[in-house]
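Here the structure is laid out as structure tokens; the discussion comes afterwards.
The values are calculated or read from the model by the stated rules, or taken from the named source; none is laboratory data. For clarity, every value in this text was computed on a predicted model and none was experimentally measured. Note: ideal-geometry Cβ built from the backbone for every residue, glycine included; neighbour counts use all protein chains shown.
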Amino acid sequence: MSLKSGSVYLILSIFFLYLNLTPIVRDLHGLVSFFTNPLAFFYTQTYSKSLETLNLLNNVQQVQVQNKQLKEEITKLKGDLAFYKKLYDEKTFIDKQKDYYGFDKIIYADIIGRDFNGDFNTFLINKGLKHSVNEKDNLAYNGYAVGYVKKADPFRSLALSIESPGLKVPAVTLSNETTGVFNCSKTVCFVQNILQDKPLKEGDIFVTSGIAGVFKKSLILGTVQSIEQTPEELFKKAVLKREVNLKTLNKVVLLKYE
């Protein structure tokens, strides 16, 4: 072995020996300090533990701050998502209503109040005279008749529901062959006063006839679900199914009565 190689080997041996002995030396130093100067040893250990505790508390505090920031960011993101969802829902609603009514100049309104008894005979909307809303304007949703404006104030209007039991609306089938009078009880909507000899079957659709001076023509009233008739009677009655729930509805379209 050369002198140079032997020197390198010796240096490495001393280095690894140092690494192995360092913990032992450190422990011996602490032990010696404990016996020679116990008070200083106590203060040193206390100071060391205090630093560790402070560092730990500082780390905990940083984590708490980060958690708070994350919660704030999550809350903001939820708010943004809710806002964009509302915009998306409104755009979807508007596009769908345009498909039904075929023109762009439609007034859209939110339902902001209902009957206290839950019958939904009347309700409030957030549009009024300042938004070009007038009495007798029709309210609709997805092609269905919903009601009409009974009283218009500057910034809101009171509407009467088409399902109000006291309201009777002239109705006609899409084929214009069969007529009757649309009315609703608290539990079901129907068309009555239909002549026995007039053609009618389940699945036929009744719409507003537009002849009573309240509702526009061709707004959907409902689909015939069943027919009640007695041969000796002059009239028969059709029970309708409506694809719009007025008790949970929150948006409507206003259409000018012409």
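Worth a mention:
- Unique match (being hydrophobic (A, V, I, L, M, F, W, C), within 33 Å of the chain's Cα centre (by Cα) and assigned to a strand (DSSP E or B)) among Val149, Val172: Val149
- When Asn134 is tested against (1) modelled with pLDDT of 90 or more; (2) out of contact with any Phe, Trp or Tyr (no Cβ under 7 Å at 6 or more places or on another chain); (3) not in a loop (DSSP other than H, G, I, E, B), exactly one condition is not met: (3).
- Filtered residue count, segment 79-111, keeping only those that are modelled with pLDDT of 75 or more, of a type in the set (Val, Ile, Thr) and touching a Phe, Trp or Tyr at 6+ places or on another chain (Cβ under 8 Å): 1
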